[in-house]
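The values are calculated or read from the model by the stated rules, or taken from the named source; none is laboratory data. Fair warning: this is a prediction, and the values are worked out from it, not measured in the lab. Every residue, glycine among them, receives a Cβ derived from its backbone with ideal geometry; neighbour counts consider all protein chains shown. All accessible areas refer to the heavy atoms of the entire protein, side chains included, with ligands and DNA or RNA removed. Shrake-Rupley method; radii C 1.70, N 1.55, O 1.52, S 1.80 Å.
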Amino acid sequence: SGKVMKGDALYEFYDRAGIDRAIRDGLSEHNFEVFYQMVYNTKSEEVHSAEALLRLRDPKLGELLPKVFIPAAERNGMIDVLGEFVLRDVCRFIKGGIPKKMGMRYINVNLSVLQCMQPHFVEQVKNIVVEEGVTPSKINFEITESVAAEDYDYLAMVMRECKEFGFRFSMEGYGSGYSNMYAVFSLDFDEIKLDKTMLWEADKNEHGRIILENSIRMIHEMKRPVVAVGVETADQVERLKMLDVEYLQGFY
């Protein structure tokens, strides 16, 4: 551009280069790892499912969270490779027998904005589960609202093809600040996951409580189960049980 880069911009440039390098090395040197956070059924008080959480531990940069390396992978064209890595790990986790032993109905797999919008996405995920020998209904794809707002018609088609094959879908992060009611009403989600900030704001003030309670009521009236994310205290558990929230996920 001909402009002189300021210190922060120069730092960002080198930081981005370092993250890109960490992603490439992570795949070849096995620095990526998938963890599974359990989701509990409030009615049966048993494990219901689990969410696959991808982490990157780089020898030079330390532990990098998805909010850092996922946008980088989208930018540098490696998001499809990461997506396949996670889905295959999930399939092998399911085949290993632990989910069945613990009573998990399915495993939740996050989708990036770019992943599900790729022309080859449906074919790719179908091929992976067939190759790995896993029943599609054991996989529940989670899509954030920001994805849903991009292109409803195309996303609806992708979801329809995947669901006909047997996959499930959740809307993730409902109420995170860019809520789009149209997405909830128009797309065929099997469940709605509340953003953790909704629960935490309800702990802080009356307005937060009103928003949380009315959001849960509305989703239930649409005949969709609710998953509350970010549950960290016994008080939160009790509050959500009183609101008839079906599933809880968090460090608690």
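If you scan the range 75-111, which residues turn out to be touching a strand residue (DSSP E or B) at 6+ places or on another chain (Cβ under 9 Å) and among the small types (G, A, S)? Quick ask: steps written out before the conclusion?
Quick first cut of the range 75-111, residues touching a strand residue (DSSP E or B) at 6+ places or on another chain (Cβ under 9 Å) only: 82-83, 85-87, 89-91, 93-94, 98-99, 102-111.
G83, G103 - these are the residues of the range 75-111 that are touching a strand residue (DSSP E or B) at 6+ places or on another chain (Cβ under 9 Å) and among the small types (G, A, S).
Confirm whether Y174 is modelled with pLDDT under 95, under 19 Å from Q249 (Cβ atoms) and aromatic (F, W, Y).
Spelling it out, Y174 is indeed modelled with pLDDT under 95, under 19 Å from Q249 (Cβ atoms) and aromatic (F, W, Y).
Is it fair to say F165 is open to solvent by 50 Å² or more (accessible area, probe 1.4 Å) and in contact (Cβ under 8 Å) with a residue 12 or more places away in the chain?
Spelling it out, F165 is indeed open to solvent by 50 Å² or more (accessible area, probe 1.4 Å) and in contact (Cβ under 8 Å) with a residue 12 or more places away in the chain.
Among the candidates M198, M159, which residue alone is under 22 Å from F251 (Cβ atoms), in contact with a helix residue (DSSP H, G or I) (Cβ under 9 Å, 6 or more places away or on another chain), aliphatic (A, V, I, L, M) and at pLDDT 85 or above?
M198 is the lone residue from the list that is under 22 Å from F251 (Cβ atoms), in contact with a helix residue (DSSP H, G or I) (Cβ under 9 Å, 6 or more places away or on another chain), aliphatic (A, V, I, L, M) and at pLDDT 85 or above.
Any idea which residue in the range 79-118 is farthest from V134 (Cα to Cα), counting only those that are aliphatic (A, V, I, L, M) and in contact with a Ser or Thr (Cβ under 6 Å, 6 or more places away or on another chain)?
I79
Of everything in the range 213-242, what is charged (D, E, K, R) and in contact with a strand residue (DSSP E or B) (Cβ under 6 Å, 6 or more places away or on another chain)? Give them in sequence order.
Passing the criteria: only R224.
What are the residues in the range 52-63 that are of a type in the set (A, V, I, L, M, F, W, C), more than 15 Å from V109 (Cβ to Cβ) and open to solvent by 20 Å² or more (accessible area, probe 1.4 Å), if any?
The answer is L61, and nothing else.
From the list Y106, Y154, exactly one residue is modelled with pLDDT of 95 or more and among the hydroxyl-bearing types (S, T, Y). Which is it?
Values: Y154 fails: modelled with pLDDT of 95 or more.
Exactly one residue qualifies, and that residue is Y106.
I'm trying to understand the selection: among the residues of the range 114-139, which are surrounded by 20 or more Cβ atoms within 10 Å (Cβ to Cβ), at pLDDT 95 or above and outside any loop (DSSP other than H, G, I, E, B)?
V125, V129, K138, I139
Could you check the range 218-232 and list, in sequence order, the residues that are touching a residue at least 24 places away in the same chain (Cβ under 8 Å), more than 11 Å from V245 (Cβ to Cβ) and not aliphatic (A, V, I, L, M)?
Answer for the range 218-232, where residues must be touching a residue at least 24 places away in the same chain (Cβ under 8 Å), more than 11 Å from V245 (Cβ to Cβ) and not aliphatic (A, V, I, L, M): R224, G230.
Can you confirm whether R75 is part of a helix (DSSP H, G or I) and either out of contact with any helix residue (DSSP H, G or I) (no Cβ under 7 Å at 6 or more places or on another chain) or open to solvent by 40 Å² or more (accessible area, probe 1.4 Å) (or both)?
It is true that R75 is part of a helix (DSSP H, G or I) and either out of contact with any helix residue (DSSP H, G or I) (no Cβ under 7 Å at 6 or more places or on another chain) or open to solvent by 40 Å² or more (accessible area, probe 1.4 Å) (or both).
From the list V39, V47, which one is touching an Asp or Glu at 6+ places or on another chain (Cβ under 8 Å), among the β-branched types (V, I, T), at pLDDT 95 or above and closer than 30 Å to Q236 by Cα? Give the derivation first.
Details: V47 fails: touching an Asp or Glu at 6+ places or on another chain (Cβ under 8 Å).
Result: V39 is the single residue among V39, V47 that is touching an Asp or Glu at 6+ places or on another chain (Cβ under 8 Å), among the β-branched types (V, I, T), at pLDDT 95 or above and closer than 30 Å to Q236 by Cα.
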